[in-house]
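Step one of this worksheet: look at the structure below.
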Amino acid sequence: MATNGEIVVAVLAAGKGTRMRSTLPKVLHKLAGRSLVERVLDGLQGLSVARRLLIVGYGAEQVRQALVAEPGLEFVEQTEQKGTGHAIQQLLPHLEGFSGDLLVLNGDVPLLRPESLRTLLETHRASSATATLLTAHLPNAEGYGRVFCDGQNSVREIVEDRDCTAAQKQNRRVNAGVYCFSWPDLARVLPSLSTNNDQQEYYLTEVMNYLEPVVAVDIADPQEILGINDREQLAMAYQILQDRVKRHWMQAGVTFIDPDSSTIDDTVELAPDVVIEPQTHLRGKTCIGANCRIGPGSLVEDAQIGANTAVLYSVVRQAQLGADSQVGPFAHLRGNVVTGSHCRLGNFVELKNTTLGDHTNAAHLSYLGDATLGSRVNVGAGTITANYDGVRKHPTVVGDGSKLGSNTVLVAPLTLGESVTVAAGSVVTEDVADDALVVARSRQVVKPGWRPKSSPPPETP
Ligand code: UD1
Ligand code: CA
């Protein structure tokens, strides 16, 4: 059948995912920060696709909400889930008159690479088959439909695992759940589906009995076709994704001291010569500059870190850190933290919604919240911004070159000018102009020869 070359994509995402034992629809379960269905849609990157239709049913509204940001995604409702064939039958009214190809993806197969889909489409076009499907040879084929061919790649039928005889189960060539159909041919046979199987559902795989010719394409990396039906497979997929991502970054010049002990989202970007120490977890939109050493024992999420910075036993979230800095051990930087270069944020220091200029240090035991510190500020050990009056948060500003003595309390709202020196132990409540010394504590009182009345008189020699 000649086609006009257009491709429409349908993603099967209406099932409950009973084997997940969850109230969350299966396709919304997260794999390294992104839902299964988002990952399936990611697999379409670089393909030229006319329309994308998502078949939803169980938790339809929730799935719709989760995908509002996907441009142009169309939702097709399958109110009762009577099988994958029944799901595709729901497309009939939506694709009337369409003469191109339909690419069908399972919403629970999240590791497919765009290259594999391209290979499928190219083979489909080159062979002018009515249907082409991705297959893989698995050592453990349990749970997958088995693909039976005449000769090498000409598909005769697909038999679901639960419908296989013992002899048929020996066939380890499995159906990935990824197909390209000539839509007019598929549309013609869709109404003939039966429920003549163990689950008494309408199986999409049954159409292989009616279409001719159908071609099977073996995928290069069988790990890509892993379908997620339960939590064990979700964990397996995570492992595969981790291996993939780490291999990618190692090839790009990143050292992992103990790869198995660290995790890294595939949204993270790493520059060459970054060293990831053990027990380190990098998440979200994190970007780490050249020669950084992260960990051991650190969590970095949605953070950008400049070159040559070290982060040791620390938590860094929603932060933008400058180059040539040292963070930790035991720093917690969270929520809109921006620091300049050559900063030292040390031992037991927490920063929240705070900006620091270059060469500014807070090396020991501090909390800085809602604060803006200039450059070359030294924050003495134990300095605290009292930013919260019990109702509202207030800002603190400290000018360039100021020195805050140990155990300073900055009671916000407060502005200290440039080159202000605060005496140790001060509780500063009023603004201070440039180049001033502020001592805000009571003067030391010494009473010579004084003893508590209750204590006995000194012994006479
Ligand atoms: C399916 C294939 C099997 C293949 C495997 C690959 C069929 C009959 N079997 O089996 O040959 O080896 O995928 O992973 O197609 N869904 C709906 N509506 C429904 C039922 C399911 O949208 O009524 C969706 C599910 O949400 C899921 C996908 O279709 O995303 C696959 O369904 P699932 O029940 O997981 O099929 P498998 O048993 O894995
Ligand atoms: Ca499945």
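We did not get these values from a lab; they are worked out from the coordinates using the rules stated. Please read all numbers here as calculations on a predicted model, not as lab measurements. Positions of Cβ are generated from backbone atoms using ideal geometry, with glycine treated the same way; all protein chains shown enter the neighbour counts.
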Calculated [θ] (222 nm, deg cm²/dmol) that DSSP helices of n ≥ 4 give over the chain, each run adding -39,500 (n - 2.57)
-4000 deg cm²/dmol
Give the calculated FRET efficiency between residue 21 and residue 236 to the nearest 0.05, with a Förster radius of 22 Å applied to their Cβ-Cβ distance.
0.85
Can you give the angle from 0 to 90° between the axis of helix 231-251 and the longest principal axis of the chain, with both taken from C-alpha atoms, to the nearest 10?
70
Rounded tilt (10° steps) of 114-127 against the dominant C-alpha axis of the chain
20
Sort 15-25, 272-282 by packing, meaning the average of other beta carbons within 10 Å per residue, with the highest value first.
272-282, 15-25
Where does the chain land on the Kirkwood hydrodynamic radius, alpha-carbon pairs, in angstrom?
26.3
If you scale each eigenvalue of the Cα gyration tensor by 5 and take the root, what three semi-axes come out for region 253-438, rounded to whole angstrom and sorted largest first?
32, 15, 13
Decide, for region 10-60, between rounded, prolate and oblate: order the square roots of the alpha carbon gyration tensor eigenvalues as a ≥ b ≥ c, take rounded if a/c falls under 1.5, and otherwise choose prolate if a/b is larger than b/c, else oblate.
oblate
Can you give the net charge of the other residues whose Cβ lies under 13 Å from the Cβ of residue 163, counting K and R as +1 and D and E as -1?
-3
For region 7-225, would you read off the P(r) tail past 27 Å as a percentage of all alpha carbon pairs?
26
How do the peptides 197-209, 437-449, 137-149, 332-344 rank, highest first, by the average count of neighbouring beta carbon atoms within 10 Å per residue?
332-344, 197-209, 137-149, 437-449
